[in-house]
1. Just one of (1) 179; (2) 117; (3) 135 is volume of the Cα convex hull per residue in Å³ as worked out from the coordinates here. Which one is it?
2. How much of the DSSP beta bridge set in the stretch 2-257 is antiparallel, as a percent to the nearest 5?
3. What shape does the stretch 153-208 have by the C-alpha gyration tensor, where a ≥ b ≥ c are the square roots of the eigenvalues, rounded means a/c under 1.5, and otherwise prolate means a/b greater than b/c and oblate the rest?
4. If amide hydrogens are placed 1.01 Å from N in the peptide plane, which non-local residues have theirs closer than 5 Å to the one on residue 18?
5. Give me the lysines in straight-line cross-link reach of residue 248: C-alpha distance below 29 Å, same-chain residues under 8 apart excluded.
6. Whole angstrom only: what separates the Cα centroid of the stretch 154-179 from the Cα centroid of the stretch 91-151?
7. Fewest to most neighbouring Cβ within 10 Å: what's the order for 77, 247?
8. Select from 40, 94, 78 the residue farthest towards the positive end of the dipole of the chain; place +1 on Cβ of Lys and Arg, -1 on Cβ of Asp and Glu, and compute about the Cα centre.
Amino acid sequence: MTRTAMVNYHVHKDERQAFELDAGEIVGNLISPELAPTKVHVADARAVNVGAFSDTSVEFKQAATGVQSFGDTQDWRPTYDAELTQILQTELNAKEVIVFDHTVRIDDPNADRKPARNVHSDYSKSGAEQRLVDLLGAEKAAHWAKGHYAFINIWRPVGDPINSAPLGFVVPDSVADADWITLDLIYPDRKGQIMGLAVNPEHRWIYMSKMTPDEVAYFNIYDSRGQPSVAHSALDMTEDPSIQTVRKSIESRTLVRY
């Protein structure tokens, strides 16, 4: 089954482009580079075989959580981090997993963190290498860099099944090298890099319809041995117009050693 959705691609420019998050030290204030709204066709992973993680750099899995609420106190983190670690150790045979960030996103104009509506991947090569040092320190990062490591994100619906703005992915073998654009990511306290994606009609999009809080998508952001990064974005589409639930999700970032 194929659906249509709107996404916001990036635009090639001569000058370097950047996102500025929490601009002016206002939480949730985002300054974005130019984006190109584009209609795309999206295949539903429930209806077609979209391939395994090794083929598409993304996989969907049934994975219930014991966490009842992802509240601000974050007393849920030890339980949830252990669950995510178990998923990656089991599914990807990871030897070591470090869960280092969680972002709850709510599709509400007043939310501090809204769904990311730009087609992107979270790190450039140099951005990933710097993040490795940031997380581990120079000495341990140098040790990890001699082996095989990767940044893997895990995404889960929170509360209700996803009826609008589901997370979609671009199958990596449909992406040309020239489609990628390096973008600066500017925070009040640090600077990073991400990769934006420009329009290409050859892109093949996939998603999983009506994902529930008992399901996750785990996907590759950067791999030191060359597994492709997967571009992703919230999809502007609605499954059932009669349902008025607000899309809420938690995205967790992990560093794994194979």
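What follows draws every value from the coordinates through simple rules; no lab data is involved. Note that the structure is predicted; figures quoted are calculated from it, not measured. In this analysis, Cβ positions are derived from the backbone assuming ideal geometry, glycine residues included, and neighbour counts consider all displayed protein chains.
1. Read-out from the structure maps to (3).
2. Details: 58 of 66 bridges.
Close to 90 percent.
3. Details: a/c = 2.83, a/b = 1.10, b/c = 2.58.
Oblate, since a/c reaches 1.5 and b/c is not below a/b.
4. Answer set, sorted by chain and number: 184.
5. 39, 61, 114, 191, 210
6. 16
7. Details: 77 14, 247 23.
Ordered from fewest to most neighbouring Cβ atoms within 10 Å, 77, 247 come out as 77, 247.
8. Of the listed residues, the answer is 94.
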